[in-house]
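The values are calculated or read from the model by the stated rules, or taken from the named source; none is laboratory data. Note that the structure is predicted; figures quoted are calculated from it, not measured. Note that we place each Cβ from the backbone using ideal geometry, even for glycine, and neighbour counts take in every protein chain shown.
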Amino acid sequence: MILGGAADADIAEQRRPPQPASPGLTWESCRASLGTAISEALGRTALAAAIEEADRPVLATGSGEHREQSFARSDRGERTWLAAKSALRDEDGQVIGLGGAAQDITARKRAELRDRRPA
């Protein structure tokens, strides 16, 4: 799991995110959490459950996806993420996990909504 934002999901693993996705997270703590389930990293929270639910289709089908996802956070309200996810496979081709990157696009989405409102 990658906990941070990157301008391009294809290079997310090649450089450090500009800032942690959540208060209290550092690049080092994100790096240490690679290979950890979301519920272990975030605790058994509603946010962790929502993220795990959103990941299930990739794990079930083995097909990657690139889409916007919105999650409610008790500390910062609803946030919208542009997420790229793909199944991780073992040497036999069996799905063994999920990898991905996400960028917080909340400010952009709010600006788009504001621009669509009639004056």
**Request:** Filter segment 73-95 for residues that are surrounded by fewer than 13 Cβ atoms within 10 Å (Cβ to Cβ), of a type in the set (Lys, Arg) and part of a strand (DSSP E or B) and give the result.
**Result:** Arg89
**Message:** Being among the small types (Gly, Ala, Ser), at pLDDT 75 or above and not in a loop (DSSP other than H, G, I, E, B) is the filter here; which residues of segment 26-60 pass it?
**Reply:** Ser39, Ala46, Ala48, Ala49, Ala50, Ala54, Ala60
**Fill in**
Subset of segment 50-72, residues touching a residue at least 12 places away in the same chain (Cβ under 8 Å), surrounded by fewer than 14 Cβ atoms within 10 Å (Cβ to Cβ) and under 17 Å from Ser39 (Cα atoms), comes to Ala72
**Message:** Criterion first (within 18 Å of Ala37 (Cβ to Cβ) and surrounded by 11 or more Cβ atoms within 10 Å (Cβ to Cβ)) does Ala101 satisfy it?
**Reply:** yes
**Message:** Of the conditions (1) farther than 18 Å from Thr80 by Cβ; (2) in a loop (DSSP other than H, G, I, E, B); (3) at pLDDT below 55; (4) in contact with a strand residue (DSSP E or B) (Cβ under 9 Å, 6 or more places away or on another chain), Arg16 satisfies every one except a single condition; which number is it?
**Reply:** (4)
**Asked** For Asp104, are the conditions met, namely being under 19 Å from Ala49 (Cα atoms) and touching a Pro at 6+ places or on another chain (Cβ under 8 Å)?
**Response** no
**Prompt:** Got a number for residues in segment 93-111 being aliphatic (A, V, I, L, M), under 13 Å from Arg56 (Cα atoms) and touching a residue at least 12 places away in the same chain (Cβ under 8 Å)?
**Reply:** 2
**Item:** Checklist (1) under 14 Å from Ile51 (Cα atoms); (2) assigned to a loop (DSSP other than H, G, I, E, B) applied to Gly99, failing item
**Value:** (2)
